[in-house]
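Okay, structure first, notes after.
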Amino acid sequence: MNTIDKKPYYAAGLAAFIIWGFIPFPLKALAAYPSGQILYFRVALSVVLLLLICLVFRKKQVKSTLASVKSSQPKDRRKFILYTFLGGALLTVNWLSFIYVINHINIQTGSFSYLLCPIITAVLGFLLLKEELRLNQWIAIALSAISCALIGSGEITSLLFSLLIALSYAFYLITQRILKDYDKIVLLTLQLLLSFAFIGPFYSYFSAGATTALGPDFYLNIGLLSAAFTVLPLFLNLFALKELTSGTIGILMYINPILNFIMAFLYFGEETTTLKVLAYLIIFISVIIYNLNLKGRKKRGDGLVIPPVGTTAVGK
């Protein structure tokens, strides 16, 4: 029996999270513009790119998804519409809050949120989808709560934004879990279409307070953010998921916030406090504990521990 060479899939997974790890660069380059304005153009351009991809390369999947929805029971059709709409709304909140945090608070806060995200997703999976959790995972969850308490005691604003980013993406993953039988790219395209339909009429609101005119640099960085830091890593991640388990992807995803932390301190010169360092250390330990025995025991919740853009992995 021929065995599948998984090296290309590992390479794709690594590449996706390394790319997302450097997302502060295009966001910081756009720091002079309102977060809502950045979101508006990122969603718009991502929709255009995804529509082109779907219409040119994924016609079969689009037709299959539409046929599946059309032939489904009314209850299932309503569920598809509801959770697709919620997915678009949650992505909008997640992207907007992450952009704001990176440009107006600090990279550390954004990174911390994506360390929390898989563990929060596991808790929501337990509460909403009756997913099972092992003892070591409950210990990791308790350590994460301690880490949050330490962050909150020092700076409540950072904690609240971290929780907003983590919760919005965790709930997004739950909606994707419920819609797991549908094509992820088609779902993402529909969700971003809904997102743009919602924010499109409010451009003047999202661009309020803008003091810098839109020029070539803005469009260059927005194009980079949408194509190189959204659509490209999304495809790499989906390619990796063809042969790698979601548990493996769940471990690889920590490359993303770790790179964010490194850049925050070494490149962008951010400072931190002893309390925050302790909190970061605890959350890192909790991540390790959470993933213990990942291959040793079957875990019903594995499908939830996957990165952002969709998952798909579109967070960020």
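Could you list, ordered by first residue, the pairs with Cβ atoms under 7 Å in which the first is in region 188-204 and within 15 Å of TRP95 (Cβ to Cβ) and the second is among the small types (Gly, Ala, Ser) and assigned to a helix (DSSP H, G or I), at least 6 apart or interchain?
GLN191/GLY87; GLN191/GLY88; LEU192/SER46; LEU192/GLY88; LEU194/GLY88; SER195/GLY88; PHE196/ALA44
Testing GLU131 on (1) closer than 22 Å to ILE107 by Cα; (2) in contact with a helix residue (DSSP H, G or I) (Cβ under 6 Å, 6 or more places away or on another chain), one condition comes back false. Which one is that?
(1)
Considering each of LEU133, LEU163 in turn, give the residue that is part of a helix (DSSP H, G or I) and either in contact (Cβ under 8 Å) with a residue 40 or more places away in the chain or among the acidic types (Asp, Glu) (or both).
Details: LEU133 fails: part of a helix (DSSP H, G or I).
Answer to the selection: LEU163.
Looking at ALA89, ALA31, which one is out of contact with any Leu (no Cβ under 7 Å at 6 or more places or on another chain), outside any helix (DSSP H, G or I) and in contact (Cβ under 8 Å) with a residue 60 or more places away in the chain?
Working: ALA89 fails: outside any helix (DSSP H, G or I).
Of the residues listed, the single one that is out of contact with any Leu (no Cβ under 7 Å at 6 or more places or on another chain), outside any helix (DSSP H, G or I) and in contact (Cβ under 8 Å) with a residue 60 or more places away in the chain is ALA31.
Within region 52-85, which residues are open to solvent by 60 Å² or more (accessible area, probe 1.4 Å) and under 30 Å from ALA31 (Cβ atoms)?
Result: LEU52, single match.
Would region 40-60 turn up any residue that is closer than 27 Å to ALA213 by Cβ, modelled with pLDDT under 95, not polar (S, T, N, Q) and not in a helix (DSSP H, G or I)?
The answer is no, given that none of the residues of region 40-60 is closer than 27 Å to ALA213 by Cβ, modelled with pLDDT under 95, not polar (S, T, N, Q) and not in a helix (DSSP H, G or I).
Give region 151-177 a look and list any residue that's farther than 19 Å from ARG42 by Cβ, surrounded by fewer than 19 Cβ atoms within 10 Å (Cβ to Cβ) and out of contact with any Leu (no Cβ under 8 Å at 6 or more places or on another chain), or say none.
Residues satisfying the conditions are GLU155, ILE156, THR157, LEU160.
List every residue pair whose Cβ atoms sit under 7 Å apart, with the two residues 6 or more apart in sequence or on different chains, where the first one lies in region 212-225 and is assigned to a loop (DSSP other than H, G, I, E, B) and the second, anywhere, is surrounded by 15 or more Cβ atoms within 10 Å (Cβ to Cβ) and of a type outside the set (A, V, I, L, M).
These pairs meet every condition: THR212/TYR33.
Being aliphatic (A, V, I, L, M) and crowded, with 21+ Cβ neighbours inside 10 Å is the filter; apply it to region 253-286 and report the residue that is modelled with the highest pLDDT. Walk me through how you get there before you give the answer.
Going residue by residue through region 253-286, those that are aliphatic (A, V, I, L, M) are 253, 255, 258-259, 262-264, 266, 275, 277-279, 281-283, 285.
Now narrow it down to the ones that are crowded, with 21+ Cβ neighbours inside 10 Å: 253, 264, 279, 283.
On the way: MET253: 79, ALA264: 92, ALA279: 86, ILE283: 84.
My answer is ALA264.
Filter region 16-51 for residues that are closer than 30 Å to THR248 by Cα, of a type in the set (Val, Ile, Thr) and surrounded by 23 or more Cβ atoms within 10 Å (Cβ to Cβ) and give the result.
Matches in region 16-51: ILE23, VAL43.
One line per residue, one yes/no per condition, for (1) surrounded by 24 or more Cβ atoms within 10 Å (Cβ to Cβ); (2) in contact with a strand residue (DSSP E or B) (Cβ under 9 Å, 6 or more places away or on another chain); (3) of a type outside the set (S, T, N, Q):
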position	(1), (2), (3)
ASN103	no, no, no
ASN106	no, no, no
SER111	yes, no, no
LEU116	yes, no, yes
THR121	yes, no, no
LEU124	no, no, yes
LEU128	no, no, yes
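What tally of residues in region 188-226 results from selecting those that are small (Gly, Ala, Ser) and surrounded by 15 or more Cβ atoms within 10 Å (Cβ to Cβ)? Give the steps one after another, and end with the answer.
If we filter region 188-226 for residues that are small (Gly, Ala, Ser), which is where we start, we get 195, 197, 200, 204, 207-210, 213, 215, 223, 226.
Among the residues that remain, those that are also surrounded by 15 or more Cβ atoms within 10 Å (Cβ to Cβ) are: 195, 207, 223, 226.
Residues meeting the conditions: 4.
The values are calculated or read from the model by the stated rules, or taken from the named source; none is laboratory data. Small disclaimer: the values here were computed from a predicted structure and weren't measured. When we count neighbours, we look across all protein chains shown, and the Cβ atoms used for this are built from the backbone with ideal geometry, even at glycine. The protein model used for the area step is the full one, side chains on, heavy atoms only, and it has no ligands, DNA or RNA in it. Shrake-Rupley method; radii C 1.70, N 1.55, O 1.52, S 1.80 Å.
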